[in-house]
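Asks: Pasting a structure here, questions to come.
The values are calculated or read from the model by the stated rules, or taken from the named source; none is laboratory data. In this text the structure is predicted, and so the values were computed from the model without any measurement. Cβ coordinates were reconstructed from backbone atoms using ideal geometry, including for glycine residues, and neighbour counts include every protein chain displayed. Calculation scope for accessible area: heavy atoms of the full protein, side chains included, ligands and nucleic acids excluded. Shrake-Rupley method; radii C 1.70, N 1.55, O 1.52, S 1.80 Å.
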Amino acid sequence: MIPLRLELRGFTCFIGTTVVDFEALEVDLFAIAGPTGAGKSTLLDGLTYALYGETARLGGRAASLMSPGVNEMTAQVVFRSGDRTYRVTRYASRKKSGVQSQVRLERLSEDSTWVQLPESEKIREANYRISAVVGLDFDGFTRAVFLPQGEFHEFLRGDAGKRRRLLSRLMGLDTVEKMQTMAGERAREAEAETQAITTRLKEDYSGANPQTLRSLRGERERLVSSVEELTDQQRQLTAEQQELHGLKVIWEEKRRFENLLEGFAKKESEMANASQRCQQALAARTLLPQVQHMGGIKQRLGVAKFELDKSHQDLLVAEEALVLAKRSQAESVQARSREMPEIEKGLMAIAEAGPFAERLIARGGTLDMAKEGVEEYQEAAWEAFQRQEARVDEIIRLRADLEDITAKVSTIKTAIGSLEVVISKQEPHLKKIKNHGIKAREKAREAELAFTAAENANRAANLCAHLKLGDSCPVCGNLVKQIPINEETDSGQLKVTKDKAAQKVEDLLESYRGLKATLEIDRTRLAERTSVMKDLEAEISEKRKTLDSLSETFSSTGIALDGDPKEELRNRRKSLLASLALWVYKRTGGEDPATANSRYISRRDELQFQLDRASETLANSNQDVERNRMSHEMNGRRVSELTDELSSTERQNLAAIKEAGFVSTEAVFEAVLSDENIAELKNRLDSYQGEKEATEIRLMEVEKRRGGRQFEIAQYEEHSQLATGVAIKLSDSQNALGRIERELQDLEERFLKAKDLRKSLTKAQERSDIYRTLSLDLRGDRFQEFLMTRIQARLAKRASHIVRNVTDDRYDLQLVDGEFYVSDAWNPGENRSARTLSGGETFIASLALALALSDTLAGNKTLGALFLDEGFGTLDRITLDAVTAVLENLTREGRMVGVITHVEALTERMPARLLVTKGREGSSVHWDL
């Protein structure tokens, strides 16, 4: 951006129309010179105000920039940006309602007419468009275009602390502190949210994770598979058990009959001899009475009946034992049926209460708190409490902020009251000075008229003294016909009176301007503090609304915030935990869920054991009954056989005796036995033969029933134990499956909630990490020091380039360990500290740093104009020549350079001078080319 023309009217000290035509210059280097207070810096203020509607020195209130005694103000600048020419006009007028401002942005068209841009119809949009056209905003323009040359002399040679303070002010690094404060607040908010979510996840959702969920689902699938497998095993084992039990009974009968036959085989030879002896005795007893023979038969029959009665008694005892075994088994079944529903109900209640008991303990509660519970527990109430707990710190912070802001408002109100008192005293005094000034100006005008009249009279008298009749009048050119008589007047006293009157006017005007400027400053301060107070009051209102909203959230749950909110929350936590403890107590009876669960399982296993033992006793009783029944049947058949035999003997006895033959009579007598011996032999033979035959028949029947199958008692016992174990495992698996399904349903619901909470936690942690890292990076001087190091290095690099250009590559500026050094190409290998440079060398280096900062602030924009403010007062003649050469070299880059200076020697060396003078009607400017 290159300014071409500046026009001011009614702008502070430039009361009349003041035009600065930069385009008329044939050179790009000029000085802006004039006495102190003439308005040199005000020209730059006017340029800034025309572009941006505000100034760095005087602010942006049009009322304070308007010249005293005028009601209108105009600031216009024509400038070139790129290949386009623009014109910005700002106009302000004083109305009864206040000062009204307007802005107009125009562009020079190809036919040399000005066309208003549509974006300039509103002030805000116009300001934005002007910044875009210029390429710099207000801060960038004022820092990049107006260079404080004197400060860069200190920047070059001063200590590191002064250098950092200067750069911080020029670069606006104080914003870093505000960023750090904001980042800290947001980090604390995110950390509070993170802590609240973490607490909820830890207390309520500690086990709600994918691993636990996968584990429970895997456990459920395993249990389902196990139940199905155990059911199939139980069904198969039951069928096998029934078959094995029947085989066991058959096998025991087989073994018993085989043992009997083995005994019979051992007695075979003995029985054969006994049979032969008996037959001989019987044959020899042909003469024995039939009654003897019948007696023997009856005797055997009596024995058989006795055995029959005995086996009958044994059968009755076995059947009675069977009845008792059946009754015992029925009682065990009834006890199990009666108690198992209650046990299952208890296990289900414990499974339901178990997770809540864990939550109670995780949240710091115990079952002993149940006696304090008065309300029905609701999980939603606990979640609401946790949200309130997460917001309590915000309430405390809001209260503290309200106290601080209220204190600030009170302080500002006091300051406003003091300013209002001061302004109320200044306004009458200003009016009084103005009235004195008007009267003093009238007197000064009268004194000046008197002095002018006296001077004219003296000149006329002096002229008349040299006039002669007939000469031409030097005034009107006519012939002098009469010489007027004029006496000289003493104008010296009149001049003194005139000068005193004029000085008094100047003094009053200076006092008026000073007091008015002070008044305007006080009014500005009053307006600013009033505005700040309104902003603070609005902030108080907003924070109170937020606090009231939070208070309503707390009061809706019965929590009062009049006292300590954290104490109220502690009481609320205790109440909720007591309700949860009461809820668990109702379902567990106050007993620890794990202890109650073990007790129910122990009782269930005891009932199953009693049932299994009763079933085993019943099976044994069935076997005893079957065995005694078989013995009784065999004895019955023996009685029947002996009865039949007795009848047959009675019929055939005579034939048998006749048929018996002996060799000799001695043989008959030898064969004769006593009745006792014969009966004994007969009984033994008959008993032996009958029992053997009966046993063989029963064995055949058993073998037929066995069908070739083998029986192993170890296999049977192992199979029985396996069947009992499968039944217990099946019951346990079914109970565990029910419990796992209930736990899985609860866990899936909690997992979904925990998943949402973890997403929120991740976002909160990310925000916390970002803002905490930003806050730590910005805290203290670390980030500022980083920026300072980068900026100083960049400045040194750019300044070095400028120094080489303006010194024909002789000097090079370097930054080493925070200090500036200069290397001289004429003295290779020698580096000098910037503190040892001469005045001219120091100026060149400091000027290069100032220009480098200007380029840094401008960014990628090329600056077409630069204004250097002061900094030349201590330079000698030779240095001034060098400075002039340096400044002329700057214009080679296409820059227009203006130098504000009081140094007359430097002013005379400039190719052109813009002279600023002040007078009664305001300041004015003109070019001295």
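Asks: Which of the strands (runs of 3 or more DSSP E) found entirely inside the stretch 883-929 contain at least 2 residues meeting this: in contact with a helix residue (DSSP H, G or I) (Cβ under 7 Å, 6 or more places away or on another chain), β-branched (Val, Ile, Thr) and open to solvent by less than 50 Å² (accessible area, probe 1.4 Å)?
Replies: Numbers: elements: 896-900, 912-919, 922-928.
Per the criteria, 896-900.
Asks: Quick one: how many residues across the stretch 674-712 are hydrophobic (A, V, I, L, M, F, W, C) and either closer than 15 Å to residue 272 by Cα or in contact with a Gly (Cβ under 9 Å, 6 or more places away or on another chain) (or both)?
Replies: Kept after step one, since they are hydrophobic (A, V, I, L, M, F, W, C), are these residues of the stretch 674-712: 678-679, 681, 685, 694, 697, 699-700, 702, 711.
From the residues that got through so far, the ones that are either closer than 15 Å to residue 272 by Cα or in contact with a Gly (Cβ under 9 Å, 6 or more places away or on another chain) (or both) too are 678-679, 681, 685.
Residues in the stretch 674-712 being hydrophobic (A, V, I, L, M, F, W, C) and either closer than 15 Å to residue 272 by Cα or in contact with a Gly (Cβ under 9 Å, 6 or more places away or on another chain) (or both): 4 in total.
Table: residues versus (1) in the same structural domain as residue 211 (by the TED database); (2) free of Cβ contacts under 8 Å to residues at least 24 places away in the same chain; (3) small (Gly, Ala, Ser).
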{"position": "731", "(1), (2), (3)": "yes, no, yes"}
{"position": "739", "(1), (2), (3)": "yes, no, no"}
{"position": "743", "(1), (2), (3)": "yes, no, no"}
{"position": "752", "(1), (2), (3)": "yes, yes, no"}
{"position": "756", "(1), (2), (3)": "yes, yes, no"}
{"position": "759", "(1), (2), (3)": "yes, yes, no"}
{"position": "764", "(1), (2), (3)": "yes, no, yes"}
{"position": "769", "(1), (2), (3)": "yes, yes, no"}
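Asks: Right, next: So residue 277 clears everything in (1) modelled with pLDDT under 80; (2) not assigned by the TED database to the domain that holds residue 676 except one condition, right? Which one?
Replies: Looking at each condition in turn, residue 277 falls short on (2).
Asks: Show the residue pairs meeting these rules: Cβ distance below 8 Å; 6+ apart or different chains; first residue within the stretch 114-134 and assigned by the TED database to the domain that holds residue 90 and free of Cβ contacts under 8 Å to residues at least 40 places away in the same chain; second residue loosely packed, with under 15 Cβ neighbours inside 10 Å and part of a helix (DSSP H, G or I).
Replies: Hits for this filter: 119/128.
Asks: Let me ask something else. Which is under 60 Å from the mean Cα position of the chain (by Cα), at pLDDT 75 or above and part of a helix (DSSP H, G or I), of 417, 492?
Replies: Details: 492 fails: under 60 Å from the mean Cα position of the chain (by Cα).
So the residue among 417, 492 that is under 60 Å from the mean Cα position of the chain (by Cα), at pLDDT 75 or above and part of a helix (DSSP H, G or I) is 417.
Asks: Before we move on, is residue 164 open to solvent by 30 Å² or more (accessible area, probe 1.4 Å), part of a helix (DSSP H, G or I) and modelled with pLDDT under 80? Please lay out each step first, then the result.
Replies: On the way: open to solvent by 30 Å² or more (accessible area, probe 1.4 Å): yes; part of a helix (DSSP H, G or I): yes; modelled with pLDDT under 80: yes.
Yes: the conditions hold for residue 164.
Asks: Of all residues in the stretch 14-38, count the ones that are surrounded by 20 or more Cβ atoms within 10 Å (Cβ to Cβ) and touching a helix residue (DSSP H, G or I) at 6+ places or on another chain (Cβ under 9 Å). First the steps, then the outcome.
Replies: Pass one, the stretch 14-38, residues surrounded by 20 or more Cβ atoms within 10 Å (Cβ to Cβ): 14-15, 18, 20, 22, 28-34, 38.
Next, from what is left, pick out any that are touching a helix residue (DSSP H, G or I) at 6+ places or on another chain (Cβ under 9 Å): 14, 18, 20, 28-29, 31-34.
Residues flagged as surrounded by 20 or more Cβ atoms within 10 Å (Cβ to Cβ) and touching a helix residue (DSSP H, G or I) at 6+ places or on another chain (Cβ under 9 Å) within the stretch 14-38 amount to 9.
Asks: Right, here's the next one. May I ask you to verify whether residue 591 is in a loop (DSSP other than H, G, I, E, B) and at pLDDT below 80?
Replies: Working: in a loop (DSSP other than H, G, I, E, B): yes; at pLDDT below 80: yes.
So residue 591 passes the test.
Asks: Just to be sure, is residue 331 in contact with a helix residue (DSSP H, G or I) (Cβ under 8 Å, 6 or more places away or on another chain), modelled with pLDDT of 80 or more, part of a helix (DSSP H, G or I) and under 30 Å from residue 636 (Cβ atoms)?
Replies: Details: in contact with a helix residue (DSSP H, G or I) (Cβ under 8 Å, 6 or more places away or on another chain): yes; modelled with pLDDT of 80 or more: yes; part of a helix (DSSP H, G or I): yes; under 30 Å from residue 636 (Cβ atoms): no.
Taking the combined requirement at face value, the residue does not satisfy it.
Asks: Regarding the stretch 54-77, can at least one residue be identified that is over 25 Å from residue 518 (Cβ atoms), surrounded by fewer than 22 Cβ atoms within 10 Å (Cβ to Cβ) and in contact (Cβ under 8 Å) with a residue 24 or more places away in the chain?
Replies: Step one: of the stretch 54-77, the residues over 25 Å from residue 518 (Cβ atoms) are 74, 76-77.
Add one more test, that the residue is surrounded by fewer than 22 Cβ atoms within 10 Å (Cβ to Cβ), and what stays is 74, 76.
Filter once more, so that each one left must be in contact (Cβ under 8 Å) with a residue 24 or more places away in the chain: 74, 76.
Yes - at least one qualifying residue is present in the stretch 54-77.
Asks: Looking only at the stretch 773-824, which residues are under 23 Å from residue 847 (Cβ atoms), modelled with pLDDT under 75 and among the small types (Gly, Ala, Ser)?
Replies: Correct list: 818 only.
Asks: Based on what the data block shows, is residue 303 modelled with pLDDT of 85 or more and open to solvent by less than 30 Å² (accessible area, probe 1.4 Å)? Reasoning before the result, please.
Replies: On the way: modelled with pLDDT of 85 or more: yes; open to solvent by less than 30 Å² (accessible area, probe 1.4 Å): no.
Here the answer is no, as residue 303 does not meet what is asked.
Asks: Sticking with this one: Exactly one of (1) at pLDDT 80 or above; (2) within 30 Å of residue 891 (Cα to Cα) is unmet by residue 753. Its number?
Replies: Among (1) at pLDDT 80 or above; (2) within 30 Å of residue 891 (Cα to Cα), the lone unmet condition for residue 753 is (2).
Asks: Taking residue 710 as meeting all but one of (1) open to solvent by 80 Å² or more (accessible area, probe 1.4 Å); (2) part of a helix (DSSP H, G or I); (3) out of contact with any Asp or Glu (no Cβ under 9 Å at 6 or more places or on another chain), write down the number of the exception.
Replies: (2)
Asks: Now, a different point. For the stretch 221-278, what are the residues that are under 60 Å from the mean Cα position of the chain (by Cα) and free of Cβ contacts under 8 Å to residues at least 60 places away in the same chain?
Replies: First, pick out the residues of the stretch 221-278 that are under 60 Å from the mean Cα position of the chain (by Cα): 221-237.
Selection gives 221, 222, 225, 228, 229, 232, 235, 236.
Asks: Sticking with this one: For the stretch 726-744, give me each residue that is aliphatic (A, V, I, L, M) and open to solvent by less than 50 Å² (accessible area, probe 1.4 Å).
Replies: Of the residues in the stretch 726-744, the ones aliphatic (A, V, I, L, M) are 726-728, 730, 736-737, 740, 744.
Answer for the stretch 726-744, where residues must be aliphatic (A, V, I, L, M) and open to solvent by less than 50 Å² (accessible area, probe 1.4 Å): 726, 727, 730, 736, 737, 740, 744.
Table: residues versus (1) in contact with a Lys or Arg (Cβ under 9 Å, 6 or more places away or on another chain); (2) among the aromatic types (Phe, Trp, Tyr); (3) over 27 Å from residue 316 (Cα atoms).
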position: 573; (1), (2), (3): yes, no, yes
position: 612; (1), (2), (3): no, no, no
position: 634; (1), (2), (3): yes, no, no
position: 647; (1), (2), (3): no, no, yes
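Asks: How many residues, within the stretch 363-393, are more than 23 Å from residue 565 (Cα to Cα) and open to solvent by 20 Å² or more (accessible area, probe 1.4 Å)?
Replies: First, pick out the residues of the stretch 363-393 that are more than 23 Å from residue 565 (Cα to Cα): 366-368, 370-371, 376.
After this cut, where a residue has to be open to solvent by 20 Å² or more (accessible area, probe 1.4 Å) as well, the list is 366-368, 371, 376.
The number of residues fulfilling the criteria is 5.
Asks: Related question: Going by the structure shown, is residue 336 in contact (Cβ under 8 Å) with a residue 60 or more places away in the chain and among the charged types (D, E, K, R)?
Replies: Working: in contact (Cβ under 8 Å) with a residue 60 or more places away in the chain: yes; among the charged types (D, E, K, R): yes.
Yes; evaluated as a whole, the condition is true for this residue.
Asks: Output the residue which, of all residues in the stretch 185-233 that are among the hydroxyl-bearing types (Ser, Thr, Tyr) and outside any helix (DSSP H, G or I), is most open to solvent (accessible area, probe 1.4 Å). If you could, list the steps in order and put the result at the bottom.
Replies: Filtering the stretch 185-233 down to residues among the hydroxyl-bearing types (Ser, Thr, Tyr) leaves 194, 198-199, 205-206, 212, 215, 225-226, 231.
Narrowing the set further to residues that are outside any helix (DSSP H, G or I) leaves 205-206.
Details: 205: 8, 206: 80 Å².
Ranking the qualifying residues of the stretch 185-233, first place goes to 206.
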